[in-house]
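Take a look at the structure below.
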Amino acid sequence: MCGRYVITSSPAVIRALFGYPEQPNFPARYNVAPTQPIPLVRLHEGKRQFALMRWGLIPAWVKDPKTFSLLINARGESVNDKPAFRNAMRRRRCLIPADGFYEWKDVSGRKQPYFVHLRAGGPFAFAGLWETWTGPNGEELDTAAIVTTRANRTLAAFHDRMPVIVPLEAFDLWLDSAKVDAQTATALIAPAREDLFEAYEISAAVNRVANDSPDLIAPAAATDAEHAAALPPATKASSREAKSKAANNGQGSLF
């Protein structure tokens, strides 16, 4: 699955890759989470268009969004059948720019976060679906979900699902629902090739949604080293003395 991701490339780089005419200016984001606004690219009157939508799809037929479960991911195997996704799969497919995403691995009973990114670096596209929900008073809310598939061997160590990655040469195939039907577009719903991504351990700071800085994607070893270097000498000495006393008096430390 995909529950957190990053988009750190400049607006100019994203625009050049996805080929839309708008020139939006948006900041780098290191901890994009559900319910937040996310940039995406859709087809509007035959042309690519940049848009901001809420992450968490709400089908058009929902009466009260407050009572509807948040749909941040759409299982690729059932997007053509599930009522929540089939209309979007037929008519409203989109691309969601990203520079990487987070996965968690169970290590000795705790969840260790990892940052997953292209081996070659740079941005890429998640396959997405979008919908417009219209309320009883005419209010509209645009929402989106990321399509997922079974994980490849590289990412299966973290989770049995992964986001669907649309290659550059298939952007039009995924976007153009007027010329490409849902069944044909479904051919793109497959695990990424094994050598596309790599992952490394990062700090648990990513677990807190409020954290959003470049430090989140720093390798865990580098983060630990920087933290240790930032400690005042007295603190380091006190730590060593405490450990020494605990060892000498035969009692285990509580800290």
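Read the figures in this text as sums done on the coordinates, not as results from a lab. Source: prediction; values computed, not measured. All Cβ positions, glycine included, derive from the backbone under ideal geometry; neighbour counts span all protein chains shown.
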task = Kindly put V209, V107, V180 in sequence by how many other C-beta atoms sit within 10 Å of each C-beta, fewest to most.
result = V107, V209, V180
Per-residue ³J(HN,Hα) for the stretch 83-90, Karplus 6.51 cos²θ - 1.76 cosθ + 1.60, θ = phi - 60°, Hz, x for Gly and Pro = x, 5, 10, 5, 5, 5, 5, 7
task = Please list the non-local residues whose amide H lies under 5 Å from the amide H of L71, H modeled 1.01 Å from N, same-chain partners needing a gap of 5 or more.
result = L57
key: Likely footprinting exposure, W130, W174, fewest C-beta neighbours within 10 Å first   = W130, W174
ask   = Got a sec? How would H44, H159, H117 order by Cβ neighbour count within 10 Å, fewest to most?
value = H44, H159, H117
ask   = How many percent of DSSP beta bridges within the chain run antiparallel, rounded to 5?
value = 90
query = Given the C-alpha centroids of the stretch 181-222 and the stretch 24-72, what is the distance between them in whole angstrom?
reply = 18
query = Taking the simple approach of a point 7 Å from Cα along Cα-to-Cβ for both N211 and L141, what is their distance in nm?
reply = 2.9
ask   = Nearest 20 debye, what's the magnitude of the dipole of the stretch 5-218 about its Cα centre given +1 on Lys and Arg Cβ and -1 on Asp and Glu Cβ?
value = 320
query = Which ³J(HN,Hα) values in Hz, rounded to whole numbers, follow from the phi angles of the stretch 46-54 under the Karplus curve 6.51 cos²θ - 1.76 cosθ + 1.60, where θ = phi - 60° and Gly and Pro get x?
reply = x, 10, 5, 9, 7, 8, 10, 9, 7
inquiry  = Compute and list, largest first, the equivalent-ellipsoid semi-axes of the stretch 2-80 from the alpha carbon gyration tensor, each √(5λ) rounded to a whole angstrom.
reply    = 25, 17, 12
ask   = Can you give the angle from 0 to 90° between the axis of helix 233-248 and the longest principal axis of the chain, with both taken from C-alpha atoms, to the nearest 10?
value = 60
task = Could you go through the stretch 11-16 in sequence order and give the Karplus-derived ³J(HN,Hα) for each residue, using 6.51 cos²θ - 1.76 cosθ + 1.60 with θ = phi - 60°, rounded to whole Hz, and x for Gly and Pro?
result = x, 5, 5, 5, 4, 5
note = Reduced to Cα centres, the span from the stretch 73-92 to the stretch 157-177 in Å works out to 14
inquiry  = What's the magnitude of the charge dipole for the stretch 45-117 around its Cα centre, counting Lys and Arg as +1 and Asp and Glu as -1 at the beta-carbon? Answer in Debye, nearest 20.
reply    = 260
key: Most positive-pole-ward Cα, A144, P39, A210, against dipole of the chain from beta carbon charges   = A210
message = I want to make sure I understand the PRE zone here: with the label point 7 angstrom from the Cα of R153 toward its beta carbon, which residues in the stretch 94-121 have backbone N atoms less than 18 Å away?
response = 119
request  = Could you work out which residue, out of R29, R208, R42, moves most in a Gaussian network model of the chain, that is, has the largest mean-square fluctuation with Cα springs under 10 Å?
outcome  = R208
